[in-house]
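Asker: Provided herewith is a single structure, encoded as structure tokens, for subsequent inquiry.
The values are calculated or read from the model by the stated rules, or taken from the named source; none is laboratory data. Remember, it's a predicted structure, so these values are computed and weren't measured experimentally. In case anyone asks, the SASA skips ligands and DNA or RNA and just uses the protein heavy atoms, side chains included. Shrake-Rupley method; radii C 1.70, N 1.55, O 1.52, S 1.80 Å.
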Amino acid sequence: MISLRTLSLAAVDQLGPRSRRCVYWQTDGVDAATTPGDPQFEKEAWISHVSLEWGACGQIASEGDHAAGAVFYAPPGMVPRAACFPTGPVGADAILLAGMTVESGAPAGVLTALLDSVVVDLRSRGIKAIEAFGVTNENPDPEASRDGCGADACVPPASFLVEHGFTVVVDHETYPRLRLDIDSEHQWKADVEHALDKLFAERGIVTRELGVLSGASAMIRSL
């Protein structure tokens, strides 16, 4: 089973190695002098800063005692990489997804469960929209969305975001900007249910088990 919890300062040690090392979103990629010497320290410092100034900025997925993945999010002004995308700026009323990371060996469905938990958290805090920079299949440089940490790209595929209810607000051949308005809980649940059904159908599984987390999915049966 995939279990989820909100990232707190006390839970930083529960992040998997990929999530802890990746500082793609915490750097602007322009000034070589700002390249962190200790990515884990820089990531923890960013989490601490955002958590103290704004509130919870991440969700952690686990499978048993093992980290399965994590998602980070914050106001765009707190995300240095946000200014680097050609389809910015992010809408003033939206929170930006700042990295979605899946750990090695994680079960299917981790990204869906993480995104669901973000929606639940932000809706409870009165946030009306989430925006994200997606990466298309036409990305000419597969390393462009990595920071050398060895993780799979932490920029979510645009196709994944669309399948989960996001719409393109600024199109681009490589990095479109997408938006999800989260006022309607019913529509969000429908989008997540559809995405899960598609995932399970592709793997030849006709049943799935969902927990309840004030949204659509809190737990997904490992495949």
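Asker: Counting only the heavy atoms of the protein chains, how much of residue 104 is accessible to a 1.4 Å probe, in Å² to the nearest 10?
Answerer: 100
Asker: Taking a ≥ b ≥ c as the square roots of the Cα gyration tensor eigenvalues, with a/c under 1.5 meaning rounded and otherwise prolate when a/b beats b/c, else oblate, which class fits the stretch 20-143?
Answerer: rounded
Asker: Related question: Long-range amide H contacts for residue 58: which residues qualify at under 5 Å (H placed 1.01 Å from N, peptide plane, sequence gap of 5 or more or a different chain)?
Answerer: 7, 73
Asker: Once you compute Rg and the Kirkwood Rh from C-alpha atoms, what is the Rg to Rh ratio for the stretch 75-141?
Answerer: 0.99
Asker: Further, regarding this structure: Tell me, what is the 1.4 Å probe accessible area of residue 42, in Å² to the nearest 10?
Answerer: 80
Asker: Please list 166, 41 in order of solvent-accessible area, largest first, computed with a 1.4 Å probe with all protein chains present.
Answerer: Largest accessible area first, the residues go 41, 166.
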